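Everything below concerns the one structure shown next.
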Amino acid sequence: MDTLERIEGLGLVSVRDATVATSRDEDAAIDQRVGPATIPFSWLMRLLPASRRKAMQALCAFGSEVGGIVDGKASWTMKLALLADWRAEIALLYAGRPEHIVTRALRDAVDRFDLLCEDFLALINGKEMDVRDIRAPSLQYLDLYCEQRAVAVSRIALRILGVPPPDGVRLAAPLGRGMQLTGILRDLAQDAARQRLYLPRELLCAHGIFATMPSYVLAQPALPQVCNALAERAAAYFADAERAIVARPRLAMLAATAMLSGYRALLGALLARAWTGLDEPVRIPVWHQTALLTGRSLIGG
């Protein structure tokens, strides 16, 4: 039984599942694939030219597809096989022969905005790190995770939004890392339920926690100190991102400014509740929620 047959047997979507749709059908299918992920930032979408709007929708659809693999119920080996299929699909996209409906929607964006193949592959690599179950990674490994998950997709998004590469690359690094670290701090309980723990081992050991079992770590009295230390790193990244933003025209940085503001508000709310009630939703002002949902639909964090 080949990979495609195993995928179909599990009721999963293959990367070769939708090769006969018409152009009109493709647009409708993309909207359906992204689903609610487009709704939180529809106000922002309306500000964008059609080509940029469609590109952002396709990017979110891509993130939803690969993210769905990671969080799905397939076996570890099946998830790796599905991610390998997506690497092959990205290769087809850059060869001018995309087969999946999402990469067909990305085809125009790749050409129009000079999106880099390496960024899409990095995003897939980051998802594979999730599949392999992260538990108390080293700071170096965590930084690589942030680079491949949030920084890579931030570089893609900023190109689509019209931020030129030198400025976009300079901004994507701190913004993506700050967003990812804040997402980790928000999702401690959710990740622990999946047997994942993203708190770096150096910070855990510095505060007397030497275990890596997620549920055990979250029950330790020293957990707030660990989280505060990681929050300081996120805040420093946000400060760097702000300096990169103010150097550019305000309109070009509208989306980045909104996400920076939203994630800063989330980080502040997490600090304010002092790392209690980890499984409860964090409440922040409504005007920040849109930016958070935008970021979550892009980086999954």
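Each reported figure results from applying straightforward, stated rules to the coordinates on display, with no laboratory input. It should be emphasised that the depicted structure is a prediction, and the values quoted were computed from it without experimental measurement. Neighbour counts are summed over all protein chains in view; Cβ atoms, including those assigned to glycine, are modelled from backbone coordinates with ideal geometry.
Residues whose amide H comes within less than 5 Å of that of ARG135, counting only those at least five positions distant or on another chain, are LEU197 (H built at 1.01 Å from N in the peptide plane). Taking the Kirkwood radius as Rh and the Cα radius of gyration as Rg, region 243-283 has a ratio of Rg/Rh equal to 1.17.
Averaged over residues, the count of other Cβ atoms within 10 Å places the peptides 232-239, 167-174, 58-65 in the sequence 58-65, 167-174, 232-239, highest first.
Extending 7 Å from Cα along the Cβ direction at PHE210 and again at TYR141 yields two label points whose distance is 1.8 nm. Charged neighbours of ALA136, selected by a Cβ distance under 14 Å, balance to +1 (K, R count +1; D, E count -1). Put in line by how crowded their Cβ is, counting other Cβ atoms within 10 Å and starting with the fewest, MET78, MET259, MET179 read MET78, MET259, MET179. Taking all Cα pairs closer than 8 Å and separated by 6 or more residues, the relative contact order of region 133-301 comes to 29 percent. Footprinting exposure proxy ranking of TYR263, TYR216, TYR198, fewest other C-beta atoms within 10 angstrom first, gives TYR216, TYR198, TYR263. Taking other Cβ atoms within 10 Å as a rough exposure proxy, MET253, MET213 sort from fewest to most as MET213, MET253.
Between region 164-205 and region 95-150, how far is it from one alpha carbon centroid to the other, in angstrom? If you average the Cα positions of each part, the centres end up 15 Å apart.
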